[in-house]
Each structure stands twice: as structure tokens, then as C-alpha cells.
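The following block contains the structure, expressed as C-alpha cells.
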Amino acid sequence: MNRMRKIPLVVLALLALILAACGGGGSGDADDTTTTTTATDASETTAAPGTTAAPDEEMEPVTVEWWHIQNTDPMMTLWQTFADEFMEANPHVTINITVMENEAFKAALQTNLQAGDVPDLFQSWGGGGLREQVDAGLVQDITELSSGFIGNLTEGAVGLYQVDGVQYGVPFNLGMVGFWYNKDLFAQAGIDAPPATWDEFLEDVQALKDAGITPIAVGAGDKWPAHFYYSYLMIREGGEAAMNQVAEDLDFNKPEFIEAGNELQRLIDLEPFQPGFLAAPWDAPDGESGAIGTGQAAISLMGQWGPGAYANQSGVGVPEDPIADRLPGEFGWFPFPAVEGGAGAPTDGFGGGDGFAVGRDAPPEAVQFLEYITSLDQAIRTGETERVLPVTKGAEVSVTDPYQLAVLEGLGNATFVQLYLDQFFTPELGAAVNDVVQTLFAGTVTPEEAAEAITNAAAG
């Protein structure tokens, strides 16, 4: 059975249309705590998608448990505001919000799912994890409940939350991983343009080191940021055909994947990372985002959420200020470079989306709330935060931030987009990929041993 899903080409065509529509127009410190709030007191009644009853109609009280990972502003406050507005329009509904940092969320969700205590709405990336939840009967078929609005969202993003054609969740964001870099630090090292090839990238890394600049920050302690490097090199070495094949046979003992490990080893051998990178988290003052946000390193391989996180760690201004004003210098974005001799195209991308799965016992109001937050007006407000690339058709008018537009351009140019490997595969195999990649970064395994370890993990 194919355990992975590539993002269909139709979404790339839609993103190209988004770029044409945009015409080139122009998250607080991460917290490991969990916050639970109840949405209350909207400033005004919102008659909008998601309203469940007329004001004078008596409805039985309903509670929706909503778990999400937008634990920094402006998105944390915006999600709260949306919940408040929905409750004001639907007085019989109470939305209890639990906010967690990404890694804490994954651990807590796994515990709850194993106990059969499933939140009504919870952060999901689709892929193998969602399929396992479907097989275990933990999520709800919302095909009929969502039929009135799901067509308003881009098909590629919607498809990530389907299993065998059945809808189990709703997306709100879709993006792509690439390199964010500090142009001022590049200039100090005598680098006047981003690299087009992997060899050029390695030369730039060495030039930064020679200039006394830490080239790369990586949150290898969280593992998934490190897996971006290995995964992208697998895509560059093997291309779409190899990625589709490994989804079928789960055999990583192939020349293209071993060569991906060899190319990653070339980078690691340059010792390009910030001190303590093996234990560093992604989003924290002592993590990847902190090193970039304070100008201590030049490069970060990350998704579209990167600049907002760097700005929040910079210590400059407040989240409401423009991101560019809070970054330590001028920043740019470039796609992962081409690898000479690899079967993958330079336009092959790597990324994914964010959305919410619907728990098996969730009331219909949970889906109606998803309709509300993905409706056009709310999707535009989401896009205006400069943290999210909304998937609601027409919401592209909200994307004016140059950093987000750069990612959109990359998506528009992509001929194939591979979903994150730790989401495409089952959670167990995805975790094994991340674990093995961390050992590659630590230098404790060879590329051959890494490929063998992942294959053995797939075999159970």
C-alpha cells in the first residue's frame, strides 16, 4: 500500500495563479508549556459561515475541545478571536482551547489517542499519521459535513486530509521548505548571490566559516529540522520516481539514498552548525530560530513560518511590528540547490500543510467551526498575520509579505512536492527517520548504516 501522498500538480497550477493575482506585492518566544482557555466574549456578533442556529432557536449545549500548536502571537490570539466570534454567533457552543508547543503536542496527543480520549479538533499534517488514526477508528468521516465548503479550498491541500478519498480533516495552510539566509552576513563573507548547486552551497558554507561567521543553525535536538537536509538530498538524488518507489517497498538500501547520506556527510564534515546544535530545539532562544534571529548564524533550512519565528526571537519590537523590521539584517530565500548527477529536478520541492483532524466523537459544530475559520474573510485575516499561506481560494490577496511571496514563488515553480517524510510515513517510521538522521548529524553512523536502520525500522 502506498503510505505517502505527493501534493498534486493541480495545487501548483493554483499557486501559479496566486502569484499572478498577487503581482509581486509585498509567533512570541516558543513556550514548552500547555495552555488551556475557554473562548469567550467576542467584541461583535459575526453572522458568517459556521452559524448553527437562528438566535432565538433553543440548542442543546455543546463543547468542542480544540488542540492547536499556534503557541505564539499573532496566530495564538487570532485563533482565540475566531473561537470567541464563533461562540458569540452560536451561544450554545463552548470551545475549550488547549495550546501546546509542537513537540509537547505530539507527545500529549499520542498519550490521549492511546487512551481513546480524542480531542474534537487537533493539529494534523495528514499523511501516514492520519491513515493510522483512520485505521484505529480515532477520527471521523466528515465528507458529508464538509461538502458545502471543502470545494472553496485548494484541491492539493484538501487531499492531504483524505484517506482513500474520504475526508477526515480540513487544511488551513500549505507551504514549502527552503533556505532562509541573512544577506548581510553573506555580504560579509563575500557571497553576492545564493548558490544554485550543492557544490556552490558547500563553498559558501566554507566562505562563511572563513569569515568567522557560523554558517548554519539547525535544531537537531528536535530532530525534524535536521531531517529536512537528508530528505531534500534524497529528493535531489532520486527524484519523484525514487520517492514514489520507496513509498511502496519501504527499502532505503538504494544507491540514491546512500548517496544522499554521503552528500549530507560532506556538509557535516565542514562543521558548519552552531555550538550545541545536537541538543538545540527549533524555536527557542538557544535554538535554531534564536541563533538566526539574533544574527549568530547565517542560514536556516525551514518552512514559511521561519521569518516570523526568527523575528520573535530577535528581542526587537513586538509581534505586531513588521517582520523585516525585527530581523538582524536583510533576509532572503532560495530553494534547495541542485545536486549534480542526481535524478531529481532542481524544481522538486519539499513541504506540506497544516490543518485539523476531526475526532471520532466530535459534534457537528466542530466541523462548522472549521468552516468558519477557513471561510474567505477569516482566511484573509489569517494570511495577513504573515505566518500562514492560506488555502482558501481568493485569500491570496492577503499575501503581501515578501518572505511569504518568495515561498509562493517556489511553490509555483515546483514540478513535484514531497510531503515531509516524518508525516508521509507512519508515525513510527517517521520517528525512525528522524532518529537516524540525528545519528548522521552526530557522526555515529555511516550513510549505509543509516539506510539500513530506516529499512529495518520499516520492516518492524
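Given the condition part of a strand (DSSP E or B) and hydrophobic (A, V, I, L, M, F, W, C), answer yes or no: does some residue in region 335-355 qualify?
Yes, the conditions are met somewhere in region 335-355.
Another question about this same structure. Exactly one condition in (1) in contact with a strand residue (DSSP E or B) (Cβ under 8 Å, 6 or more places away or on another chain); (2) within 28 Å of I95 (Cα to Cα) is false for V166; which is it?
Just one mismatch for V166, condition (1).
Separate question: Can you tell me how many residues within region 96-113 are modelled with pLDDT under 95 and over 20 Å from D73 (Cα atoms)? Steps first, please.
Filtering region 96-113 for residues modelled with pLDDT under 95 gives 101-104, 106-107, 110.
Add one more test, that the residue is over 20 Å from D73 (Cα atoms), and what stays is 106-107, 110.
Within region 96-113, residues that are modelled with pLDDT under 95 and over 20 Å from D73 (Cα atoms) number 3.
Quick one: which residue in G308, G303, G359, G352 is touching a Pro at 6+ places or on another chain (Cβ under 7 Å), surrounded by 19 or more Cβ atoms within 10 Å (Cβ to Cβ) and under 26 Å from V158 (Cα atoms)?
Going through G308, G303, G359, G352 in turn, just one is touching a Pro at 6+ places or on another chain (Cβ under 7 Å), surrounded by 19 or more Cβ atoms within 10 Å (Cβ to Cβ) and under 26 Å from V158 (Cα atoms): G359.
Return the residues of region 402-416 that are closer than 26 Å to R266 by Cβ, surrounded by 23 or more Cβ atoms within 10 Å (Cβ to Cβ) and in contact with a helix residue (DSSP H, G or I) (Cβ under 7 Å, 6 or more places away or on another chain); say none if nothing qualifies.
If the condition is that a residue be closer than 26 Å to R266 by Cβ, surrounded by 23 or more Cβ atoms within 10 Å (Cβ to Cβ) and in contact with a helix residue (DSSP H, G or I) (Cβ under 7 Å, 6 or more places away or on another chain), then A414 is the only one that fits.
So E384 ticks every box in (1) at pLDDT 95 or above; (2) over 17 Å from the mean Cα position of the chain (by Cα); (3) over 30 Å from E203 (Cα atoms) but one. Which box is left unticked?
(1)
Within region 213-232, can one find any residue that is under 26 Å from the mean Cα position of the chain (by Cα), in a helix (DSSP H, G or I), of a type in the set (F, W, Y) and over 26 Å from D283 (Cβ atoms)?
Taking every residue of region 213-232 in turn, none turns out to be under 26 Å from the mean Cα position of the chain (by Cα), in a helix (DSSP H, G or I), of a type in the set (F, W, Y) and over 26 Å from D283 (Cβ atoms).
If you take the residues in region 410-460 that are in a strand (DSSP E or B) and not aromatic (F, W, Y), which one is farthest from V246 (Cα to Cα)?
If we take residues in region 410-460 being in a strand (DSSP E or B) and not aromatic (F, W, Y), then V417 is farthest from V246 (Cα to Cα).
Name the residues in region 363-401 that are surrounded by fewer than 23 Cβ atoms within 10 Å (Cβ to Cβ) and among the β-branched types (V, I, T), would you?
Residues satisfying the conditions are I380, T385, V397, T400.
Could you identify the single residue in N253, N262 that is touching a Ser or Thr at 6+ places or on another chain (Cβ under 6 Å) and either surrounded by fewer than 22 Cβ atoms within 10 Å (Cβ to Cβ) or modelled with pLDDT of 95 or more (or both)?
Details: N262 fails: touching a Ser or Thr at 6+ places or on another chain (Cβ under 6 Å).
Within the list N253, N262, the selection yields N253.
For region 55-165, give me every one of the helices (runs of 4 or more DSSP H) that falls completely inside it and has 3 or more residues that are crowded, with 21+ Cβ neighbours inside 10 Å and among the hydrophobic types (A, V, I, L, M, F, W, C).
75-89
The values are calculated or read from the model by the stated rules, or taken from the named source; none is laboratory data. Every value quoted in this text rests on a predicted model; they were computed, and no experiment measured them. Counting neighbours? That spans all protein chains shown, and the Cβs are built from the backbone with ideal geometry, glycine included.
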